[in-house]
Amino acid sequence: MSEIKSDAYIDITDVVCPMTFVKTKVAIEDIENGQVLEVKMNEGEPVLNVPRSLKEEGHKVISVENNGDRTFTVWVKKGDI
Amino acid sequence: MSFTNEQLERYSRHIILKEVGAKGQKKLLESKVLIIGTGGLGAPAAMFLAAAGVGTIGLVDFDVVELSNLQRQIIHLTKDTGKHKVLSGKETINEMNPDVNVVTYKEWVSSSNIIDIIKDQDYDFVIDGTDNFPAKFLINDACVLSKKPFSHAGIIRFQGQTMTYLPDKGPCYRCIFQSPPPPDAVPTCKKAGVLGVMGGIIGTIQATEAIKYVLGVGDLLNGYFLTYDALKMEFRKVKLSSNKNCGVCSENPTLTGLIDYEQPQCELKGN
């Protein structure tokens, strides 16, 4: 799975809600429509809420991968917003 | 510009909003809003704009803080009595949000200075927080002539009103009210009284309009007059159209310069 090409990467494992989504939003606003952001986040609340919030804003979650170390990696394609 | 971690946290509730986001918050931080009058309307408007991270806030007022102001002008504290309102306002804002640059104008607006003040920082939006008709007409005319969007408002007793003007879109304040009423025909809030919260409600609506204008989201109150009756707890939004014979914003304006209308005598001696 990790061969998905990403245009930017952000690690939000060091912050909690709502800064998880705040930092993700800032990162996705910095890339172009159609580009892919790779986000590393903790299991539990972040992986439940951040991908959902991204979808609500019109972005496309391409893939979610369990890293096996209580973190997940989410690939999201920036929507035309 | 990029955000510091402190800014990301301070503005997180804004950035989360789809209509704001990081881009919108950057717009706010780069925006400039001029507030004329730092009293009942201007005080809450200034505080919410400062909290929102509006990067430059201009404050215009020549008054000093009096005890009788503190029932509604919440930007000023008891220890500020005797201090110029623009200085007291600047101190409160600086303590609230270090991101905001406050520019103070310790003067009354008149035909001789208002255009210079508006142009001083090339303000994006003007808030009329004044308490008298000569100033309201002056601000309207100056904003129409210099093509600046502005929010008009007035409060008295339990009543409030507000409208927004957008350049070239009209109607302007003078489309609705052709000229000021005769001096002393309408009581001022000093004589008539005003519920302290009125400025909070209406001034905060003015701040909302400024923020939406900067962000470019939603519908503004241009073309409408919003009235609020606190006793009945009733808002009314009345549709307005431009006056094709308006003295200032019509195609053939009769007014080409600014007018200093006469102030009622009692209003000239402070508050």
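The values are calculated or read from the model by the stated rules, or taken from the named source; none is laboratory data. The structure presented is a predicted model; accordingly, all values stated were derived computationally and were not measured. Every residue, glycine as well, gets a Cβ built from its backbone with ideal geometry; the counts of neighbours run over all protein chains shown.
The table below gives the values:
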| read-out | value |
| --- | --- |
| Residue ID - nearest to B:His14 (Cα to Cα), chosen from residues in segment A:41-53 that are away from chain B (no Cβ under 12 Å) and surrounded by fewer than 16 Cβ atoms within 10 Å (Cβ to Cβ) | A:Arg52 |
| Complete set of residues in segment B:1-44 that are more than 14 Å from chain A (Cβ to nearest Cβ) and in contact with a Lys or Arg (Cβ under 8 Å, 6 or more places away or on another chain) | B:Thr38, B:Gly39, B:Gly40, B:Ala43 |
| Residue within segment A:58-68 that is more than 24 Å from B:Asn5 (Cβ to Cβ), modelled with pLDDT under 95 and among the hydroxyl-bearing types (Ser, Thr, Tyr) present | no |
| Meets criteria (free of Cβ contacts under 8 Å to residues at least 40 places away in the same chain and within 14 Å of chain B (Cβ to nearest Cβ)) for A:Ile10 | yes |
| Failed condition for A:Glu56, given (1) within 14 Å of another protein chain (Cβ to nearest Cβ); (2) in contact (Cβ under 8 Å) with a residue 24 or more places away in the chain; (3) exposed (fewer than 15 other Cβ atoms within 10 Å of the Cβ); (4) of a type outside the set (Phe, Trp, Tyr) | (2) |
| Filter result for A:Glu32 (within 14 Å of chain B (Cβ to nearest Cβ) and in a loop (DSSP other than H, G, I, E, B)) | yes |
| Failed item, numbered, when B:Phe158 is tested on (1) surrounded by fewer than 17 Cβ atoms within 10 Å (Cβ to Cβ); (2) touching a strand residue (DSSP E or B) at 6+ places or on another chain (Cβ under 9 Å); (3) at pLDDT below 95 | (3) |
| Residue in segment A:66-73 that is buried (at least 20 other Cβ atoms within 10 Å of the Cβ) and more than 14 Å from chain B (Cβ to nearest Cβ) present | yes |
| Options A:Val26, A:Val16, A:Val22; residue that is of a type in the set (A, V, I, L, M, F, W, C), exposed (fewer than 15 other Cβ atoms within 10 Å of the Cβ) and within 14 Å of chain B (Cβ to nearest Cβ) | A:Val16 |
| Positions within segment A:29-40 being surrounded by 14 or more Cβ atoms within 10 Å (Cβ to Cβ) and either out of contact with any strand residue (DSSP E or B) (no Cβ under 9 Å at 6 or more places or on another chain) or of a type in the set (D, E, K, R) (or both), in sequence order | A:Glu29, A:Asp30, A:Glu38, A:Lys40 |
| Filtered residues of segment B:165-219 (kept if assigned to a helix (DSSP H, G or I) and more than 21 Å from B:Ala45 (Cα to Cα)) | B:Arg174, B:Cys175, B:Ile176, B:Lys191, B:Ala192 |
| Residue within segment B:135-142 that is out of contact with any Asp or Glu (no Cβ under 6 Å at 6 or more places or on another chain), farther than 18 Å from B:Leu41 by Cβ and not basic (Lys, Arg) present | yes |
| Filter result for B:Tyr123 (under 17 Å from the mean Cα position of the chain (by Cα), touching a residue at least 24 places away in the same chain (Cβ under 8 Å) and farther than 25 Å from B:Thr254 by Cβ) | yes |
| Tally, over segment B:64-94, of residues that are acidic (Asp, Glu) and either under 16 Å from the mean Cα position of the chain (by Cα) or under 16 Å from B:Val194 (Cβ atoms) (or both) | 1 |
| Residue match in segment B:116-130 (condition: of a type outside the set (Gly, Ala, Ser), farther than 21 Å from B:Ala210 by Cβ and in contact with a His (Cβ under 9 Å, 6 or more places away or on another chain)) | no |
| Only listed residue being touching a Phe, Trp or Tyr at 6+ places or on another chain (Cβ under 7 Å) and either within 28 Å of B:Lys136 (Cβ to Cβ) or assigned to a helix (DSSP H, G or I) (or both), chosen from B:Gly39, B:Gly89, B:Gly58, B:Gly24 | B:Gly58 |
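Residue-by-condition table, conditions (1) surrounded by 12 or more Cβ atoms within 10 Å (Cβ to Cβ); (2) more than 24 Å from B:His76 (Cα to Cα):
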| site | (1), (2) |
| --- | --- |
| B:Phe177 | yes, yes |
| B:Gln206 | yes, no |
| B:Lys212 | yes, yes |
| B:Glu234 | no, yes |
| B:Asn243 | yes, yes |
